[in-house]
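To start, the structure itself, in structure tokens.
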């Protein structure tokens, strides 16, 4: 499912946020001039669907320090993804296309207008990704997901990761690593449980890994290749060039 009605909502800031999960991305420019940039924020929200897929929402705000930025490549966890919609903070629907190559999987989002030194842009991208929920052999009876948000060749001021779990999952039967920063039932998500992490001031290429496990009865399908199989995590590093 990729038709999420709150795609253009301005996300609240602190612990009461609707959960965000961060995933890897890639920034590129359309000319040869070297660019410098940083991320004001990288927020991602993940919905674990009953069918074992996830809906993955990125909320990115990026500032250009040098050069010109025309588009941003947002990495995807694997090649089994469907593009939903990209929008900027003003509500413009942005052009988005699959630019995957080899074992690199990404969606290119073209900004409404290029940004120059001292300017910022904020946009969202929604995709649906399959083959994300795995049998958790370390916790018999569970299935789960391990996720590394996008990492960038730049500073990230604020990183947020949030997961909306299937209806019925509770804090008593969920396991996660690292420990959550917050866990709450969201009335805007049919009172489903949300697990939330937040980190500040990430250095260039710094990675944050998070994992979550819950009773597998809450999904209709999960992969069985092995426990916490994360071979796909290394294919969506974020780069700027």
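What follows draws every value from the coordinates through simple rules; no lab data is involved. Keep in mind the model is a prediction, meaning the values are calculated, not measured. Glycine also receives a Cβ, built like all others from the backbone with ideal geometry; neighbour counts cover every protein chain displayed.
Test of understanding: ordering 98, 55, 136 by Cβ neighbours within 10 Å, fewest first, what list do you get? List each step's numbers first, then the result.
On the way: 98 15, 55 20, 136 24.
Placing the least packed residue first, the sequence is 98, 55, 136.
In terms of other Cβ atoms within 10 Å, 184, 37, 116 run from fewest to most in the order 116, 184, 37.
Semi-axes of the equivalent ellipsoid of region 26-235 are 31, 17, 16 Å, computed as sqrt(5λ) over the eigenvalues of the C-alpha gyration tensor in descending order.
Reported to the nearest whole Å, the Cα centre-to-centre distance from region 60-79 to region 117-155 is 16. Of the residues 176, 150, 64, the one with the fewest other Cβ atoms within 10 Å heads the list, and the complete ranking is 176, 64, 150. Mean sequence separation of contacting Cα pairs (under 8 Å, at least six apart), scaled by the length of region 26-235, corresponds to a relative contact order of 25 percent.
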